[in-house]
Each structure stands twice: as structure tokens, then as C-alpha cells.
Ligand SMILES: *Cc1c(COP(=O)(O)O)cnc(C)c1O
């Protein structure tokens, strides 16, 4: 169904007109001498979004999952121990990837709806007297549950244990939407992608690596060719690419960075908080429960909502799509059928979010949910009216 409706899935996100136009470019020779002028500024400016001066930016033609793989294969060897907590579908999938690469994965299972367990990490690291754990892997924003974890607390736990493990962070659904501090949090590799906060088409994994991670690369023995950091860095240093770069996405990223800096990263984060808070007030007015266990864990990019007992969340998301042409996120993994997700990241305004909430109300009313039409929308409207910001116009 051709549609002007925004999507409310937590990625891929709505692509603003300005970025669609920026990606609309003719083929350009990536071996021509002027390619460096296209690519080098993008690599340089991307560092600002990670809040790093030390970090090395690496991009690969891949979705975010390819970014996970790149992080792992460049820094680790078969049988290496890594520590990772499972609290949703994305942390689960990163565990699976590590296991399939033959790593020795120490898994801490947590309730879905909780966040990264800093205390339990500290305990596990303290018990690892021989310092065999090579890396701690953390999903910053667990997109399946709408939980944002406290990465600074994880770093503090690692420091408290006096452990030298590297810290890898999946920030695919948080970067460029919520505050991220690569340097201040002592992150060694951060993994993101083009199709979420950057508001672009899917197809570019965007990573940032610390000097410590780059040093680990020299002794890491997992096989890699396509994702080899060394090939990418050597080519990038002279303004090139080891194979054909995703040119349209590079142009898109250049323009996306411009948009983010024009709005100001602080304002981007504040806008996401406001949009998210309006959504949470709507959910509260409906009398429904969030999957996230407590306020400190609430994500500003995605809200996961339990449906009442006896209802099927897949029926709701299907109906919203079939009847009104609007996509919401389905419940993933153990939440399938039990929760739906409202994605509110990227190019969105108050008005767009209100339309999504209104759609959900219609769909829920059609399916006899115990909610009254307008209740959630009114709660969000009150919040948006009372906190109206300067930036109420859509990034078009
Ligand atoms: C979207 C996402 C990914 C990557 O998914 P791809 O489909 O491979 O781009 C990884 N982690 C999180 C938390 C995500 O939200």
C-alpha cells in the first residue's frame, strides 16, 4: 500500500525528504582523486556524534548485524571469553553471533525489561582473577524491550573490578537519538547503523573503535576479510575504500550529520525525550504497562507495551497495518504476542507521534481493548502543549 503515513517501528526509520534527495546521486568513481573530498569529512564529522576525539570511525556496507560481526572478528580469537547479559532479542542475537564464532560466552540472563546488570558484571569480573574475559558486550538500547542501559555504570563496574577487558557497546538504536559518550564512558567499540537515528536507508554499519581495540586487532585470530579493520583503515587513510563503497549512503550520511548539527545534538536528544515522554503518558492513560521495569530504564527511542491478558499483540499490529496503513513494532522473542512497540526515533515531530497514538487507539478500540478513544492522545497533547519546544517543525 503506497502510503504517506510515517512508520512507528524502531528502525528502519522515516527518511526525511532532505536525506532522500541527498542519496539521489549518480555513480561516482570511488578510485577517482576527488573521492577523498566526499568521504574524509564524513568520517571526521561522525566522531562528534559518538562524542569522541580518540575513536577511529569505520564504516562497512552492511546492516547493524554486520557491525557486531566486525567488532568481534577484528579483536578476538577463537575460544576467547566474553561477558554479556541477555535482556532482550538484540542482546540475545549478539550472544548467538559470538557463540557461532567459537567464543566462550559467559551469559548473564536477566529479566526482559531490565537493563545491563552492572553489579553482576562487577562480580563476574572480580572473580576472573586470571583476567581471561577479553570483552564485555552491552546493548545500550534494547530495542525489543524499550530499555536503555547505563553504560557509565558498566564502565564504573569494570573499573571497580580493576579488570582490563574491552567494552563493546551496541548503540544501533540509540546513537544520534540519545546521549552517547564514547570517550567519557571508556567504550572500546561502539556499533551503529545508518537506518535508525541517522534516518537513512539501511546498508551502512557505522563503528567507532578505541586505540585499545585497534591494538587488540594486531593479535586477534578470528578470520576476517570483508570486515577487516586493517584493510578499511589503510584504504580510508588515503581517501579510498577496499571495495565498492555505498556512495549514496555516504552522501546521505554527510547530509544527516549536517541536519543533526544544525538542530544541535543536545536538542536532538531533548526532542527524543519529549516525544517519548508523550508516548509514555499516553500508555499510562490507557492503563497499559510498559515492558521496561523502571523509569531510569525508559528508552527515548522505543516504547514496548504489554497488551492486557487475553489479547494478542500480533493481532493489534496486523490490524493497525491492514485497517489504517500504519506499522508498529511487533513483540520480539519471548514478548511475541504479548507486547507491541512504538518506535519514536529519527525524523519525527509531536504531530506525527500524535497521529501514531490516535491510530493505535482506533486499532485497540476496534479489537475491544478496554481503552477510551482520545484518552492517550489527550495525555500526550497536554504534555506536548505544556513543553512546547522551539523545534516543532518536521525535519523535512
Ligand atoms: C536494529 C538493531 C540492530 C541491528 O539490526 P540490523 O537489522 O542488522 O540493522 C542491532 N542492535 C539493536 C539494538 C538494534 O535495534
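Which condition number in (1) buried (at least 20 other Cβ atoms within 10 Å of the Cβ); (2) over 30 Å from residue 331 (Cβ atoms); (3) over 21 Å from the mean Cα position of the chain (by Cα) is the one that residue 242 fails?
(1)
If the requirement is being crowded, with 19+ Cβ neighbours inside 10 Å, under 24 Å from residue 296 (Cα atoms) and out of contact with any strand residue (DSSP E or B) (no Cβ under 6 Å at 6 or more places or on another chain), which of these qualifies: 152, 118?
Values: 152 fails: crowded, with 19+ Cβ neighbours inside 10 Å.
Exactly one of 152, 118 is crowded, with 19+ Cβ neighbours inside 10 Å, under 24 Å from residue 296 (Cα atoms) and out of contact with any strand residue (DSSP E or B) (no Cβ under 6 Å at 6 or more places or on another chain), namely 118.
From the list 113, 146, exactly one residue is within 13 Å of the ligand (Cβ to nearest atom) and assigned by TED's automatic domain parsing to the domain that holds residue 66. Which is it?
On the way: 113 fails: within 13 Å of the ligand (Cβ to nearest atom).
Result of the check over 113, 146: 146.
More than 16 Å from the ligand (Cβ to nearest atom), more than 17 Å from residue 169 (Cα to Cα) and free of Cβ contacts under 8 Å to residues at least 40 places away in the same chain - does that describe any residue in region 66-81? Outline the logic, then answer.
Step one: filter region 66-81 for residues more than 16 Å from the ligand (Cβ to nearest atom), giving 74-81.
Narrowing the set further to residues that are more than 17 Å from residue 169 (Cα to Cα) leaves 77-80.
Subset that is free of Cβ contacts under 8 Å to residues at least 40 places away in the same chain: 79.
Yes, region 66-81 contains at least one residue that is more than 16 Å from the ligand (Cβ to nearest atom), more than 17 Å from residue 169 (Cα to Cα) and free of Cβ contacts under 8 Å to residues at least 40 places away in the same chain.
Which members of region 1-38 meet the condition of being over 23 Å from the mean Cα position of the chain (by Cα), closer than 18 Å to residue 256 by Cα and at pLDDT 95 or above? Give the steps one after another, and end with the answer.
If we filter region 1-38 for residues that are over 23 Å from the mean Cα position of the chain (by Cα), which is where we start, we get 1-4, 21, 24-38.
Remaining after also requiring closer than 18 Å to residue 256 by Cα: 21, 24-25, 37-38.
Listed by number, the residues that qualify are 21, 24, 25.
Quickly run through region 127-149 and pick out the residues that are more than 22 Å from residue 216 (Cβ to Cβ) and out of contact with any strand residue (DSSP E or B) (no Cβ under 9 Å at 6 or more places or on another chain).
To start, the set of residues in region 127-149 that are more than 22 Å from residue 216 (Cβ to Cβ) comprises 127, 141-149.
127 - this is the single residue of region 127-149 that is more than 22 Å from residue 216 (Cβ to Cβ) and out of contact with any strand residue (DSSP E or B) (no Cβ under 9 Å at 6 or more places or on another chain).
Any idea which residue in region 60-83 is nearest to the chain's Cα centre (by Cα), counting only those that are assigned to a loop (DSSP other than H, G, I, E, B) and closer than 29 Å to residue 198 by Cα? Quick ask: steps written out before the conclusion?
Step one: filter region 60-83 for residues assigned to a loop (DSSP other than H, G, I, E, B), giving 62-63, 76-80.
Still in the list and also closer than 29 Å to residue 198 by Cα: 62-63, 76.
On the way: 62: 15, 63: 12, 76: 23 Å.
Ranking the candidates gives 63 first.
Just checking, how many residues over region 90-111 are touching a strand residue (DSSP E or B) at 6+ places or on another chain (Cβ under 8 Å) and outside any loop (DSSP other than H, G, I, E, B)?
Initial filter on region 90-111 (touching a strand residue (DSSP E or B) at 6+ places or on another chain (Cβ under 8 Å)): 90-92, 94-95, 98-99, 103-110.
Now narrow it down to the ones that are outside any loop (DSSP other than H, G, I, E, B): 90-92, 94-95, 98-99, 104-109.
Counting residues in region 90-111 that are touching a strand residue (DSSP E or B) at 6+ places or on another chain (Cβ under 8 Å) and outside any loop (DSSP other than H, G, I, E, B) gives 13.
I'd like to verify a number: residues in region 149-183 that are without any contact (Cβ under 8 Å) to a residue 60 or more places away in the chain and away from the ligand (no atom under 11 Å from the Cβ), how many?
Total meeting the criteria: 15.
For region 46-56, indicate whether the set of residues that are over 30 Å from residue 356 (Cβ atoms) and either assigned to a strand (DSSP E or B) or outside the structural domain of residue 247 (by TED's automatic domain parsing) (or both) is non-empty.
For region 46-56, residues over 30 Å from residue 356 (Cβ atoms) and either assigned to a strand (DSSP E or B) or outside the structural domain of residue 247 (by TED's automatic domain parsing) (or both): present.
For region 299-396, which fully contained helices (runs of 4 or more DSSP H) count at least 1 residues that are in the same structural domain as residue 198 (by TED's automatic domain parsing), within 20 Å of residue 176 (Cβ to Cβ) and in contact with a strand residue (DSSP E or B) (Cβ under 9 Å, 6 or more places away or on another chain)? If you could, list the steps in order and put the result at the bottom.
Working: elements: 313-324, 350-366, 375-386.
Hits in region 299-396: none.
The values are calculated or read from the model by the stated rules, or taken from the named source; none is laboratory data. Just so we're clear, the structure is a prediction, and the values are computed from it rather than from any experiment. Neighbour counts are summed over all protein chains in view; Cβ atoms, including those assigned to glycine, are modelled from backbone coordinates with ideal geometry.
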